[in-house]
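S.K.: The following block contains the structure, expressed as structure tokens.
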Amino acid sequence: MKFRAVREGLLLVALACLPAVGEGVYFRDKISWQSPIPASELVTVDQARSWGDGAIWVDARPDEEFAREHVPGAVSLNEDHWNELLPQFLPNWSPGKKVVVYCSAESCNAARDVAKRLRDEAQLTDVFVLQGGWEEWLKKKK
Amino acid sequence: MFGVRCSAFSAAMKIVWRIVDLILGGIFVYAGVIKALDPVQFANDIDNYKMLSWFVTVRLALYLPWLEIFCGLALVFRFLYRGGLSILTALLAVFIGATVAAKLRGLDLTCGCFGHASKNWNFSTHLVLDLLILLAALVLFSRVWRTEKS
């Protein structure tokens, strides 16, 4: 049983490599291979600030953190209350405006997820993730 | 008389085990297909666990769904059955461990195991479902083990 299971398992492990490689080739341009967020979708604090009124700031952190403090003029839009908050956010957007999404820090994923949903579900273009998130914004504010 | 009853019972149990095979295999084929269709989303879901580098994560996101599909098919068609069952049991154990560890570290995450269908499941729902699947896999495993011995 033991050796047969190992032999069969190894065969399955090897077999699964074939379509995985094929899929990797197929998705090679859609996958960000080096970092979770492609460089073209990231924006620095200085760059985002330079856009002035041409950008809408979106806070993807939980409600309590947004209530405590946020980037001036930012709109709260997190995944916990996506269905309620999205309709409140959309009137702020107009074609040509850039959207800058941020969460707590470099390591958080909320901004990336919200940015993806804005692109996929709300069909918005020019959606960027703030590099370093709220932490970086605080540093630059000083 | 007793012999007839006994063989009827064992035939019925064979059907039950076959149904368990099909359900378990079907679950993994479905879960694998959903993830293979959107590897970017699955990579993000793995990344939420904060356990692996992005380099490893993105490659796992391309590979794991296919491993699940192949192992699921192995259970459905009873071809390379033992290997498929062993891998699925190991995958489940690793996944449950990773989910519990993430919860203990205070991470609030979606597993993405079944695409959008599982997006809003809470931790308890995930855990109960995973443990049930693991239990089914272990029962099948012990059955194969006993059949081999006898």
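The values are calculated or read from the model by the stated rules, or taken from the named source; none is laboratory data. Just so we're clear, the structure is a prediction, and the values are computed from it rather than from any experiment. Using ideal geometry, Cβ is built from the backbone for each residue, glycine included, and neighbour counts are taken over all protein chains shown. We work out accessible area using only protein heavy atoms, side chains counted, and drop any ligands, DNA or RNA first. Shrake-Rupley method; radii C 1.70, N 1.55, O 1.52, S 1.80 Å.
S.K.: Only one of (1) within 14 Å of another protein chain (Cβ to nearest Cβ); (2) surrounded by fewer than 22 Cβ atoms within 10 Å (Cβ to Cβ); (3) of a type in the set (Val, Ile, Thr) is not met by B:Ile87, so which one is it?
M.R.: Result: B:Ile87 fails condition (2) only.
S.K.: Quick check on this structure: which one of B:Val100, B:Val56 is more than 30 Å from A:Val21 (Cβ to Cβ) and either β-branched (Val, Ile, Thr) or modelled with pLDDT of 95 or more (or both)?
M.R.: Sole residue among the options that is more than 30 Å from A:Val21 (Cβ to Cβ) and either β-branched (Val, Ile, Thr) or modelled with pLDDT of 95 or more (or both): B:Val100.
S.K.: Between B:Phe42, B:Phe70, which is touching a helix residue (DSSP H, G or I) at 6+ places or on another chain (Cβ under 7 Å), open to solvent by less than 60 Å² (accessible area, probe 1.4 Å) and more than 8 Å from chain A (Cβ to nearest Cβ)?
M.R.: One residue alone meets the criteria, B:Phe42.
S.K.: For region A:25-47: of the residues being open to solvent by less than 60 Å² (accessible area, probe 1.4 Å) and more than 7 Å from every other protein chain (Cβ to nearest Cβ), which is nearest to the chain's Cα centre (by Cα)?
M.R.: Out of the qualifying residues, it is A:Ile37.
S.K.: For residues that are in contact (Cβ under 8 Å) with a residue 24 or more places away in the chain and open to solvent by 20 Å² or more (accessible area, probe 1.4 Å), scanning just region B:50-67, find the one that is nearest to the other protein chains (Cβ to nearest Cβ).
M.R.: Among those that are in contact (Cβ under 8 Å) with a residue 24 or more places away in the chain and open to solvent by 20 Å² or more (accessible area, probe 1.4 Å), it is B:Trp66.
S.K.: Turning to a different aspect of this structure: Among the residues of region A:36-43, is any hydroxyl-bearing (Ser, Thr, Tyr) and free of Cβ contacts under 8 Å to residues at least 60 places away in the same chain? First the steps, then the outcome.
M.R.: Our first condition is that a residue be hydroxyl-bearing (Ser, Thr, Tyr); within region A:36-43, this holds for A:40.
Now narrow it down to the ones that are free of Cβ contacts under 8 Å to residues at least 60 places away in the same chain: A:40.
Yes, the conditions are met somewhere in region A:36-43.
S.K.: Still on this structure, I have one more. Answer yes or no: is there a residue in region A:48-64 that is touching a residue at least 40 places away in the same chain (Cβ under 8 Å), acidic (Asp, Glu), open to solvent by 30 Å² or more (accessible area, probe 1.4 Å) and touching a helix residue (DSSP H, G or I) at 6+ places or on another chain (Cβ under 8 Å).
M.R.: no
S.K.: Continuing with the same structure: Quick one: would you say A:Gly22 is without any contact (Cβ under 8 Å) to a residue 24 or more places away in the chain and either in a loop (DSSP other than H, G, I, E, B) or surrounded by 13 or more Cβ atoms within 10 Å (Cβ to Cβ) (or both)?
M.R.: no
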